[in-house]
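A short write-up of the structure that comes next.
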């Protein structure tokens, strides 16, 4: 997922969970096991077993009030685990997970539903011991049977990535009311304990008699801090904080989930949502459009200090965003064609004229991290890539990957000349100002978008492509239609954002491997299928230590870049937020830049802000 993070090796993993933790050796089959309160991929968890709260929160943050946000698009379901329907993005707050991610620490989880995690020395499984006080919000205990049922249901009926994520789990065993054990097929997939720790636990008894395969219109039961309150499909959803929820005093939950209500108002268009924010109908928003950030926040409430506008720096990998080409389409199967389309994009012009110079060009699938490839392969990375030398382009070994750099004038002559040469090598020629193949068929395709904001970028790109004789069109659809089309891979080109972490792992299977090309609702949006890439992903999953993980990831990055599956776009090393001055928040920065769950409604600020608005100030 975009939901998971990856592990390193056995010694690395066990070292990470053993140091400074509750190191009780107990039998797990025939091997000793490590019992711990937390697991980390990058070393020792920073917080000891007796930690009181996460460092980025205020443990005494007041509870109460409401925060109103905007959603773009629609929703018609409360089941986010299946392909069918358009689920509400906020509904996962209903369910607790076995472990809780620390937003201030890379790839580390602490016990939530699970009181302890048990890791056997042979690395062939993981056991979770549930907290005795864990309860669903109808008062029934959360049991090991619920965990096992959830796992089997998500694997068998959930979106395809669950089957990919859980593929190395051989079986699950309930060994008591609160103890559940997952048995692994292999000892090389070090990410599995963390992936399973991220699993939301659903109440088996509540789902009895309900069809998990269908969109859910009933408010679901969970054990989490929020439940579904008032809602109207496609228009509004209120999540209500559960009074006296069982987890409220846990160290991993203190200082979080402070609002009594989180309300989302849905808009079909981002422009309308921004106007609603200016009018005070929306309290908080993240801004992802550079032009709006530069020009749209000069209204009176900002000038008077009633609305705050901030850039919050983050320390996160930024992954890859770009125009993704669907190689399931014959038009995009030739790498020379894909390379040509990338050469036609003039980032420097777009950054200067559309984005006010806000962005940095993305030149790696693992940008803003030590996992990004650079230069030419050397050392261990070269040795690894040499094993595939006859399957890779020779220039991968001799020429650094480099995106074209223009002068920003909009006159990208060199890039277009090189692009045309590549297209001609691929069998395309210009005839009557149109690019055609040997049969006279024109080179034409559609860029599918789900928000009008990207039209500003895509329409100039269409014009640049027209100089090559390519007929590209832009089509913008609503979010529900976009999801249906992308779930079935019925598109030529889309804007895709590929999230990455400090420790890539099982999610790479869903992004890049041959087995993820066909299953509906997957994340291999480009249809990538290569034996080399499949093997590199396997090496990432089975890396025996951090050094091997970095080597394999850089090699994967280099091979993906050489495949030109996307037209790389840009990234930002901060989070843009704007909000009416009604909130309090911790005075400590957080690794993610923004952790809105740690904010709260400040009664004094809210009263003053409301009074100023009423008085027309």
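For the range 509-528, which residues satisfy the criterion of being in contact with a strand residue (DSSP E or B) (Cβ under 8 Å, 6 or more places away or on another chain) and outside any loop (DSSP other than H, G, I, E, B)?
Selection gives 511 alone.
Consider residue 265 against the criteria (1) surrounded by fewer than 22 Cβ atoms within 10 Å (Cβ to Cβ); (2) part of a loop (DSSP other than H, G, I, E, B); (3) touching a helix residue (DSSP H, G or I) at 6+ places or on another chain (Cβ under 9 Å): it satisfies all of them except one. Which criterion is unmet?
Among (1) surrounded by fewer than 22 Cβ atoms within 10 Å (Cβ to Cβ); (2) part of a loop (DSSP other than H, G, I, E, B); (3) touching a helix residue (DSSP H, G or I) at 6+ places or on another chain (Cβ under 9 Å), residue 265 violates only (2).
Quick one: which of 557, 545 is surrounded by fewer than 18 Cβ atoms within 10 Å (Cβ to Cβ) and either assigned by TED's automatic domain parsing to the domain that holds residue 293 or closer than 30 Å to residue 196 by Cα (or both)?
Numbers: 557 fails: surrounded by fewer than 18 Cβ atoms within 10 Å (Cβ to Cβ).
Every option except 545 fails the conditions.
Hey, does the range 70-86 have a residue that's surrounded by fewer than 21 Cβ atoms within 10 Å (Cβ to Cβ), touching a strand residue (DSSP E or B) at 6+ places or on another chain (Cβ under 6 Å) and on the phi > 0 side of the Ramachandran plot?
yes
Quick check: is even one residue across the range 59-67 at pLDDT 95 or above, more than 27 Å from residue 282 (Cβ to Cβ) and crowded, with 19+ Cβ neighbours inside 10 Å?
Among the residues of the range 59-67, not one is at pLDDT 95 or above, more than 27 Å from residue 282 (Cβ to Cβ) and crowded, with 19+ Cβ neighbours inside 10 Å, which makes the answer no.
Within the range 280-293, how many residues turn out to be outside any loop (DSSP other than H, G, I, E, B) and under 28 Å from residue 615 (Cα atoms)?
5
Take the residues in the range 107-139 that are in a strand (DSSP E or B) and within 21 Å of the chain's Cα centre (by Cα), then tell me which one is surrounded by the fewest Cβ atoms within 10 Å (Cβ to Cβ).
Within the range 107-139, the match that is surrounded by the fewest Cβ atoms within 10 Å (Cβ to Cβ) is 108.
Pull up the range 573-584, narrow it to residues that are in contact with a helix residue (DSSP H, G or I) (Cβ under 8 Å, 6 or more places away or on another chain) and surrounded by fewer than 21 Cβ atoms within 10 Å (Cβ to Cβ), then point me to the one that is nearest to residue 287 (Cα to Cα).
The residue in question is 581.
Identify all residues within the range 189-215 that are assigned to a loop (DSSP other than H, G, I, E, B), touching a strand residue (DSSP E or B) at 6+ places or on another chain (Cβ under 9 Å) and under 17 Å from residue 156 (Cβ atoms); write none if there are none.
199, 201, 214 - these are the residues of the range 189-215 that are assigned to a loop (DSSP other than H, G, I, E, B), touching a strand residue (DSSP E or B) at 6+ places or on another chain (Cβ under 9 Å) and under 17 Å from residue 156 (Cβ atoms).
Among the numbered criteria (1) in contact with a strand residue (DSSP E or B) (Cβ under 7 Å, 6 or more places away or on another chain); (2) at pLDDT below 95; (3) surrounded by fewer than 17 Cβ atoms within 10 Å (Cβ to Cβ), which one does residue 174 miss?
Here residue 174 meets the rest and fails (2).
Considering only the range 498-508, state which residues are at pLDDT below 95, touching a strand residue (DSSP E or B) at 6+ places or on another chain (Cβ under 8 Å) and crowded, with 20+ Cβ neighbours inside 10 Å.
500
Within the range 158-176, is there a residue that is farther than 22 Å from residue 510 by Cα and touching a residue at least 40 places away in the same chain (Cβ under 8 Å)?
Yes, that holds for at least one residue.
Of these, 468, 448, 422, which one is touching a helix residue (DSSP H, G or I) at 6+ places or on another chain (Cβ under 7 Å), under 28 Å from residue 497 (Cα atoms), part of a loop (DSSP other than H, G, I, E, B) and assigned by TED's automatic domain parsing to the domain that holds residue 333? Explain how you work it out, then say what you get.
On the way: 448 fails: part of a loop (DSSP other than H, G, I, E, B); 422 fails: part of a loop (DSSP other than H, G, I, E, B).
Exactly one of 468, 448, 422 is touching a helix residue (DSSP H, G or I) at 6+ places or on another chain (Cβ under 7 Å), under 28 Å from residue 497 (Cα atoms), part of a loop (DSSP other than H, G, I, E, B) and assigned by TED's automatic domain parsing to the domain that holds residue 333, namely 468.
Looking at the range 480-492, which of the residues that are surrounded by fewer than 18 Cβ atoms within 10 Å (Cβ to Cβ) and in a loop (DSSP other than H, G, I, E, B) is farthest from the chain's Cα centre (by Cα)?
Among those residues, the one meeting the criterion is 490.
Restricting the search to the range 516-533, which residues are touching a residue at least 40 places away in the same chain (Cβ under 8 Å) and either crowded, with 22+ Cβ neighbours inside 10 Å or under 21 Å from residue 483 (Cα atoms) (or both)?
Correct list: 516, 517, 519, 520, 521, 522, 523, 525, 526, 527, 528.
Please verify whether residue 247 is outside the structural domain of residue 73 (by TED's automatic domain parsing), part of a loop (DSSP other than H, G, I, E, B) and out of contact with any strand residue (DSSP E or B) (no Cβ under 7 Å at 6 or more places or on another chain), treating the condition exactly as stated.
Criteria met by residue 247.
Hey, among the residues in the range 86-106 that are assigned to a loop (DSSP other than H, G, I, E, B) and over 17 Å from the mean Cα position of the chain (by Cα), which one's farthest from residue 193 (Cα to Cα)?
Selected residue: 86.
Check residue 327 against each of (1) outside the structural domain of residue 564 (by TED's automatic domain parsing); (2) in contact (Cβ under 8 Å) with a residue 12 or more places away in the chain and name the one condition it does not meet.
(1)
Given the structure, is residue 320 surrounded by 15 or more Cβ atoms within 10 Å (Cβ to Cβ), under 24 Å from the mean Cα position of the chain (by Cα) and over 20 Å from residue 452 (Cα atoms)?
Answer is yes for this residue.
Counting just the residues of the range 140-155 that are part of a helix (DSSP H, G or I) and out of contact with any helix residue (DSSP H, G or I) (no Cβ under 7 Å at 6 or more places or on another chain), which one comes out surrounded by the most Cβ atoms within 10 Å (Cβ to Cβ)? Steps first, please.
The initial filter retains those residues of the range 140-155 that are part of a helix (DSSP H, G or I), namely 144-155.
Pick out the ones that are also out of contact with any helix residue (DSSP H, G or I) (no Cβ under 7 Å at 6 or more places or on another chain) and you get 144, 147-148, 150-153.
Working: 144: 22, 147: 26, 148: 19, 150: 23, 151: 22, 152: 14, 153: 16.
Of everything passing the filter in the range 140-155, 147 is surrounded by the most Cβ atoms within 10 Å (Cβ to Cβ).
Can you tell me which residue among 85, 43, 73 is at pLDDT below 95 and farther than 28 Å from residue 229 by Cα?
43
Listed residues 96, 104; which is closer than 30 Å to residue 370 by Cβ and assigned by TED's automatic domain parsing to the domain that holds residue 145?
After ruling out the rest, the residue left standing is 104.
Kindly establish whether residue 587 is part of a helix (DSSP H, G or I) and either within 19 Å of the chain's Cα centre (by Cα) or surrounded by fewer than 18 Cβ atoms within 10 Å (Cβ to Cβ) (or both).
No: the conditions fail for residue 587.
Determine whether residue 454 is buried (at least 17 other Cβ atoms within 10 Å of the Cβ) and modelled with pLDDT under 95. Reasoning before the result, please.
Values: buried (at least 17 other Cβ atoms within 10 Å of the Cβ): yes; modelled with pLDDT under 95: yes.
Against the criterion (buried (at least 17 other Cβ atoms within 10 Å of the Cβ) and modelled with pLDDT under 95), residue 454 qualifies.
Pick from 477, 495: which is within 28 Å of residue 354 (Cα to Cα) and crowded, with 17+ Cβ neighbours inside 10 Å?
Selected residue: 495, the only one of 477, 495 that is within 28 Å of residue 354 (Cα to Cα) and crowded, with 17+ Cβ neighbours inside 10 Å.
The values are calculated or read from the model by the stated rules, or taken from the named source; none is laboratory data. Only a predicted model underlies this, so the values are computations on that prediction, with no experimental measurement involved. Using ideal geometry, Cβ is built from the backbone for each residue, glycine included, and neighbour counts are taken over all protein chains shown.
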